[in-house]
Amino acid sequence: MSVLLPWLAAAGVLGALAMAALHLLARNEPPRWLLPTARFVPESRERAPSRALHLSDKRLLALRVVALLAVALAAAGPWWHGARAVRAQLIVADLSRTVADRAAVAAAVRAAWRTGDAIVLLDRSAREVTLAQLDSAVVRPPAVRAGRLSAALLVAREAARRLARDADTVALVLVSPLTSDVMDDATLAIRARWPGAARVERVGMVSGAVLDADTTRVTLRAESSDPIRASLALDGRLGGRSDGGTTARSSIRLVRAATLTSGDSAVARAGGTVVHWPEQLAARDTVGAVRSARAVFVATLPRPVSPEGALVVAHWVDGRAAAVEAPLGQGCVRRVALSLAPAGDAALRASFRAIVRDLLAPCGGVRDVRAVDDATLRALAGTGPAAASAALVTPTADLPFVRWLLALAAIALAVEWWLRTRQERT
Amino acid sequence: MAAAGYGALLDALRGLSWPARRASRGATSGTHASRLRGTSAEFTEYRAYRQGDDPRRLDWKLLARTDKAFLRITNERAVMPTLFVLDASASMAFPQPTLEKWQQACRLTVGLAAVAHGAADPVGIIVPGPVRRALPLRARGGVVGEIARLVDGVTPAGDASLALVVRQAARAARLVVVTDLLGDAPGLLRAVREQVTRGVDCVLLHVVARAELEPPTAAVMAEDPERADVRRALVGATRDGYRAAFDAWRGEQARDWRRSGARYVDVTDDEPADRAVRRVIGNARDEEDT
């Protein structure tokens, strides 16, 4: 049995000792004295302090101590461990898209796993799974979209509360390549709320050259005077093979024609990224800016009809979608409804080229496959021992002992009141 | 205290007189001025004869010399039958175990009875209580000793009413009530007023124990011997309040009793009894009535 707030229990013990000390300095009834003029004594409490070398009112003292300790213990949050393992593990298995060898992740998890441990799987989402479910996830193709370690840590925290009921400590194990792709702004803050250190087992990550959106060459099917061609040329990405890259999962094809061809679809189904960005689109109105994941391009732009899709890659300044992505086979087709003015050098501006880089990112968006730096790694690992179970259970958790302790305190106080009243009457 | 224990007190009081504050109603010849005008040799004045006067009181010699009818008016001297009402309620048994308040009340009673009896006044006593004890008005020798033995045989207890006894005191010309006024003081005051209205010379001796005026500093649970429901802690925080309330009550009693026409004298239990008696009878030169 443990308590969530040991200092409150200690305060209760100190209070009980203080109460016993007060009973040593008991306010005993002073000696009787027959005084005919007693009626002139002002009304006051019919007790007066007098020292005693022995505990007075032992029954009252016992009841008061019981009530005080029960209330203090209830406030401290007691909970029963039961027969349990000394240490449980919470293993976060990263199977997101930046993992190079998914089987290696499964092997690492299996090596660390013991009965009673919990596994949180991180691919495009985070969820608690069994070991068998993890094995099934390993053989599935990697998710197109990035997963977030923040979500995995939140799920891990919930699972830890369950583990804490049967364990003294809960150790956090991160099996992941720990790339920037799974990190977000909240990751370190959420990690800091885990009350203990984490063991990090890093696995290999995919090659940065394959997934680097900013350097992958793009196969362009467009007119020779297309301004996007100039933009890609400035970035040095123009020149992908239009015929031989159909089977490459990393291939990126930009189609400026009005419609896609079967070859384009084949590229997408094979795992490539097909960006359908028609050059000629009828404008409905104009808009002042467009924004992608990493860039903002400010200009008066004619706006065609917004494409429809679940995953928005870029959007106008008023929130409407400018580019959406839809999965197709193992790849995806990205539809871009962004027109450039026929004249001008907008396509050559750095901000627009940044927009183009995001739009030509592989399926799932920009992939940042850089390994986290050492400071981030240290923050993720943390310091000190594994998390204590008491620290993982919040005071608002269901604590069945509390109501019984409070009931005990109420009964003790009621009996104390009855006893005291009876003594005063006699 | 045996009757012989009052010897020193009686010796100290020998020769004192207790003059009446007003003319006595008594007809028996005594030492006090009487309301009656009679036939004694103590000439006072002449008064013209009026129809209905007793012709035997005419001054015949004057009538013979002047041919005018005058009555010879003389002062009568009468006794003052003095009745003592001694409060023997439980509140008088204080402080335990010396009962000094009760002892002082007994000494005052015996001393005053001796002084009154010294002037040939009949004296008597009534001690109300669970067992009422009384000695009727008597002027014979030895009555003071009887009173002493009577009071010595009384143990203060109960809370008998003094007012009832006072109302029944019909023959007394002087009524002395010795009490601590902790019983039915308002009722007693009304009864005494009735006696004062009838012309009785009433004296109230308010006996107060020193321990009541200055209770001990140690914390005690004060209990009223006559009222079980009065049970209060007398500690440092309440002592000043107690003394203030008690003093205020005593002042209020003194004022009320003096307004009633009775003579009010308060006596503490540590005051020498002979000195207190002198204050009561008004013979002490260095004392003043309170």
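The values are calculated or read from the model by the stated rules, or taken from the named source; none is laboratory data. Keep in mind the model is a prediction, meaning the values are calculated, not measured. Ideal geometry is used to build each Cβ from the backbone, glycine not excepted, and the neighbour counts take in all protein chains shown.
Conditions (1) in contact with a Leu (Cβ under 8 Å, 6 or more places away or on another chain); (2) surrounded by fewer than 24 Cβ atoms within 10 Å (Cβ to Cβ); (3) at pLDDT below 95, marked per residue:
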| residue | (1), (2), (3) |
| --- | --- |
| B:73 | no, yes, yes |
| B:81 | yes, no, yes |
| B:97 | no, yes, yes |
| B:119 | no, yes, yes |
| B:129 | no, yes, yes |
| B:136 | no, yes, yes |
| B:144 | yes, yes, yes |
| B:156 | yes, yes, yes |
Checklist entry - Would a scan of region A:241-260 turn up a residue that is surrounded by fewer than 17 Cβ atoms within 10 Å (Cβ to Cβ), at pLDDT 85 or above and not hydrophobic (A, V, I, L, M, F, W, C)? => result yes
Checklist entry - In region B:257-280, is there at least one residue being among the polar types (S, T, N, Q), surrounded by fewer than 16 Cβ atoms within 10 Å (Cβ to Cβ) and farther than 20 Å from residue B:82 by Cα? => result no
Checklist entry - On the given criteria, is residue A:335 of a type outside the set (A, V, I, L, M) and either closer than 20 Å to residue A:170 by Cα or at pLDDT 80 or above (or both)? => result yes
Next on the checklist: When you check residue A:144 against the structure, is it surrounded by 15 or more Cβ atoms within 10 Å (Cβ to Cβ), modelled with pLDDT of 90 or more and closer than 20 Å to residue A:371 by Cα, yes or no?
Outcome noted: no
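Go through the residues of region B:248-256 one by one and say whether even a single one is within 9 Å of chain A (Cβ to nearest Cβ) and part of a helix (DSSP H, G or I).
yes
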Checklist outcome for this item: Scanning region A:81-96 residue by residue, those among the small types (Gly, Ala, Ser) and at pLDDT below 70 turn out to be A:82, A:83, A:85
Next on the checklist: Against the definition (in contact (Cβ under 8 Å) with a residue 60 or more places away in the chain and surrounded by fewer than 21 Cβ atoms within 10 Å (Cβ to Cβ)), how does residue A:150 come out, yes or no?
Outcome noted: no
Checklist entry - What are the residues in region A:362-392 that are in contact with a helix residue (DSSP H, G or I) (Cβ under 8 Å, 6 or more places away or on another chain) and free of Cβ contacts under 8 Å to residues at least 60 places away in the same chain, if any? => result none
Next on the checklist: Can you tell me which condition residue B:91 does not meet? The list is (1) within 30 Å of residue B:150 (Cα to Cα); (2) of a type in the set (Ser, Thr, Tyr); (3) over 40 Å from the mean Cα position of the chain (by Cα), and all the others hold.
Outcome noted: (3)
Next on the checklist: Quick check on my filter: what residues within region B:231-247 are under 23 Å from residue B:206 (Cα atoms), more than 30 Å from the chain's Cα centre (by Cα) and more than 7 Å from chain A (Cβ to nearest Cβ)?
Outcome noted: B:239, B:240
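Can you pull out the residues in region A:25-55 that are of a type in the set (A, V, I, L, M), surrounded by fewer than 17 Cβ atoms within 10 Å (Cβ to Cβ) and modelled with pLDDT of 60 or more?
Once the filter is applied, which keeps residues that are of a type in the set (A, V, I, L, M), surrounded by fewer than 17 Cβ atoms within 10 Å (Cβ to Cβ) and modelled with pLDDT of 60 or more, region A:25-55 yields A:25, A:55.
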Checklist entry - Would you pick out the residues in region B:61-108 that are part of a loop (DSSP other than H, G, I, E, B) and of a type in the set (A, V, I, L, M)? => result B:69, B:79, B:80, B:88, B:93, B:99
Item to check | Restricting region B:178-187 to residues that are surrounded by fewer than 24 Cβ atoms within 10 Å (Cβ to Cβ) and over 19 Å from residue B:280 (Cα atoms), the residue that is nearest to the other protein chains (Cβ to nearest Cβ) | outcome: B:183
Next on the checklist: I'm told residue A:156 meets every condition in (1) part of a loop (DSSP other than H, G, I, E, B); (2) under 9 Å from the mean Cα position of the chain (by Cα) except one. Can you identify the failing condition by its number?
Outcome noted: (1)
Checklist outcome for this item: Of B:211, B:191, B:228, the only residue that is in a helix (DSSP H, G or I) and within 14 Å of chain A (Cβ to nearest Cβ) is B:211
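State whether one or more residues within region A:401-423 are charged (D, E, K, R), part of a helix (DSSP H, G or I), at pLDDT below 90 and loosely packed, with under 12 Cβ neighbours inside 10 Å.
Within region A:401-423, one or more residues are charged (D, E, K, R), part of a helix (DSSP H, G or I), at pLDDT below 90 and loosely packed, with under 12 Cβ neighbours inside 10 Å.
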Item to check | Search result, residues across region B:195-252 that are among the hydrophobic types (A, V, I, L, M, F, W, C) and over 24 Å from residue B:98 (Cα atoms) | outcome: B:196, B:200, B:202, B:203, B:237, B:244, B:245, B:248, B:249
Item to check | Any hit, region A:102-114, residues being loosely packed, with under 14 Cβ neighbours inside 10 Å and in contact (Cβ under 8 Å) with a residue 24 or more places away in the chain | outcome: yes
Item to check | In region B:109-139, the residues that are of a type outside the set (A, V, I, L, M) and not in a helix (DSSP H, G or I) | outcome: B:121, B:122, B:124, B:128, B:129, B:130, B:132, B:133, B:136, B:138
Checklist entry - Which pairs do you get when a residue that is more than 7 Å from chain B (Cβ to nearest Cβ) and under 12 Å from residue B:220 (Cα atoms), found in region A:18-39, comes within reach of a residue that is surrounded by 15 or more Cβ atoms within 10 Å (Cβ to Cβ) and at pLDDT below 85, reach meaning Cβ atoms under 9 angstrom, with the pair 6+ apart or on two chains? => result A:28/A:47; A:28/A:48; A:28/A:50; A:28/A:56; A:28/A:57
Next on the checklist: Exactly one condition in (1) at pLDDT 90 or above; (2) in contact with a His (Cβ under 9 Å, 6 or more places away or on another chain) is false for residue A:149; which is it?
Outcome noted: (2)
Checklist entry - Are any residues in region A:334-391 surrounded by 15 or more Cβ atoms within 10 Å (Cβ to Cβ) and of a type in the set (D, E, K, R), and if so, which ones? => result A:334, A:335, A:349, A:353, A:357, A:358, A:367, A:368
Item to check | Residues satisfying the stated conditions in region B:185-213, i.e. of a type in the set (D, E, K, R) and without any contact (Cβ under 8 Å) to a residue 24 or more places away in the chain | outcome: B:198
